[in-house]
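Here's the structure, in structure tokens; my notes come after.
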């Protein structure tokens, strides 16, 4: 049958948009840490001349002069919404597809394992909660290897939710398979009764003190929100190095960072504390830590998941999404959290995430994987080896057809993305707050966030329109195509020296940060959904990820792809951390209490 693209609201007109411009090399920003970082950040704050030198070093001043912008209007937001004309109804929560149990005794526990324990009354949600609180609650300013992943835990609130869930199981009336499941959420979202610092010393708590819609949906399904997790301050780096609150390290290899900025969420899931966590992704902040920690991570389409009533950021790039070692758990979490919010006028236009229509398998004559070979070759050899092996698996086992494509102006799009997200961050800060930030963030905002003019940002918006029109053209040629890349061009973000995470100054390596987002930030820039899947491990036990980016609103197609991908990992599945104490057997330990 002929393949037909879905219809969209706010869709970019298809137009092939190639360029013969050669790729730029890394700008050569200095790597800084310790007292030198502190001194330079203060010098930079006081010197407009030095700020402009670094502005030009990074070639931010050249975007507005790109000849490739001719003929393109400005697009300030990547939101594109599939037309919802099915008039379908949401499924009851207990009728959503059920996650499977863990595959073997060496696998992570899944939602199904918790649910079955509760149904059998061998454990209660309160038993599990009491054990987890003993691990994740900080004592004053002191943190453990488990509590360092958390910024705020409110035991009384958590226990109240656990008691209510326990009573529901006693009466045989759980609300859903998420009932009683411990879930952690990133400090970036609003959670009633909790702080919101965005990983800083500042207070960004909403005056309403209301829980964001997507988290409320989990709570209404019975989930127990254990607490708010650590993040890189303001989400402005990909390591999760945080001298203010402490830095969680990668449970697979503690010489490496978790990745960020949703690093606390990735860490606590990898440790086995929670089977699901919420991340927020503005340039890779779900997918990068998921890749670093060997998890599945979904960045939905722009505005696909509502954070109503939060209204403190213009936010044309970031979106909430789930992280989990189980694709089944991730799918359940997404379908519940992505229910359209009646008070969010843009999000309300999206189709239901939890209806029979939404869960239908996508039926196409051909399944395409689009690969920009020149782009993918920027990855390190060990990453590229796993990527190529996975592509071969998809083609030979699942019948995908590879298509050679081109994504033009990659460096320029990344630069425009960087200027845009930094300008959006600056808009959140009040006068005087810049000097209260960590040294690394003062440095980057004084270079890129302060000097962007209206002309620069309009040029960025025109470049976004160009990129989105090119993608629209590709999907016209190959309906349903998934764009495939490694998640990151290298495996893991190494802690350069121990003092980088202990001396209170932090660290800054702008060129490595930009390289870590090589493949991820494009999805935020164009508003399209993307998923990262674990694809293997290095000899140092560092996970490697592969990423698929789909057309706007194609989250279920990406989940189907990830489920097919499970077979590539063969019998082992997703690997738990191997070092003693870096993964906790929560169910066994809770039974001992």
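FYI, it's all coordinate maths here, none of it is from the lab. These numbers come from a predicted model, not from an experiment. No Cβ is skipped: glycine too gets one built from the backbone with ideal geometry, and neighbour counts run over all protein chains shown.
The table that follows gives values for the structure above.
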| read-out | value |
| --- | --- |
| Rg ratio (alpha-carbon, reference 2.2 N^0.38 Å) - region 113-176 | 1.26 |
| Extension reserve of the residue 433-residue 380 stretch, reckoned as 0.36 nm per residue once the Cα distance is removed | 15.2 nm |
| Label-point gap, in nm, between residue 208 and residue 220 - each point 7 angstrom along Cα→Cβ | 1.4 |
| Separation of the residue 9 and residue 122 label points, Cα + 7 Å toward Cβ, nm | 4.7 |
| Principal axis box of region 169-320, alpha-carbon based, largest edge first, Å | 47, 35, 29 |
| Point-to-point label distance, residue 458-residue 388, nm (Cα→Cβ direction, 7 Å offset) | 4.7 |
| Highest to lowest packing among 322-334, 219-231, 37-49, 154-166, scored as the average C-beta count within 10 Å | 322-334, 219-231, 154-166, 37-49 |
| Region 283-349 - Rg and Dmax from Cα coordinates, angstrom | 12.6, 36 |
| Globularity ratio of region 268-309, using Cα Rg and 2.2 N^0.38 Å | 1.23 |
| Convex hull of region 230-343 built on C-alpha atoms - directionally averaged projected area, nm² | 7.0 |
| Cα-only Debye scattering, region 99-239: base-10 log of I(q)/I(0) at q = 0.12, 0.13, 0.19 Å⁻¹ | -0.52, -0.61, -1.16 |
| Estimated FRET transfer efficiency when R0 is 45 angstrom, pair residue 43-residue 254 (beta carbons, to 0.05) | 0.85 |
| Per principal axis, descending, Cα span of region 172-242 in whole Å | 44, 29, 15 |
| Rg to Rh quotient for region 12-102, alpha carbon positions, Kirkwood Rh | 1.22 |
| Potential extension, residue 67-residue 103 segment - 0.36 nm per residue separation minus Cα distance | 7.5 nm |
| Per-q log10 I(q)/I(0), region 198-278, q = 0.23 Å⁻¹ (Debye; single scatterer per alpha-carbon; no solvent) | -1.13 |
| Gyration tensor (Cα) of region 1-152, equivalent ellipsoid semi-axes in angstrom | 46, 37, 15 |
| Förster radius 35 Å - calculated FRET efficiency between residue 94 and residue 22 (Cβ-Cβ, nearest 0.05) | 0.05 |
| Cα-based equivalent ellipsoid, region 456-558: semi-axes from gyration tensor eigenvalues, Å | 31, 20, 9 |
| Distance from region 542-593 to region 292-341 (C-alpha centre basis), Å | 16 |
| Calculated SAXS-style log₁₀ I(q)/I(0) at q = 0.06, 0.11 Å⁻¹ - the chain, Debye, Cα scatterers | -0.27, -0.99 |
| Solution diffusion estimate, µm²/s, Stokes-Einstein, region 302-422, Kirkwood Rh from C-alpha pairs, 10 °C, viscosity 1.306 mPa s | 88 |
| Rg in Å to one decimal, and Dmax rounded to a whole Å, for region 534-588 via C-alpha atoms | 14.5, 42 |
| All-pairs alpha carbon distance profile, region 400-462, 10 Å steps from 0, percent | 19, 42, 22, 11, 6, 1 |
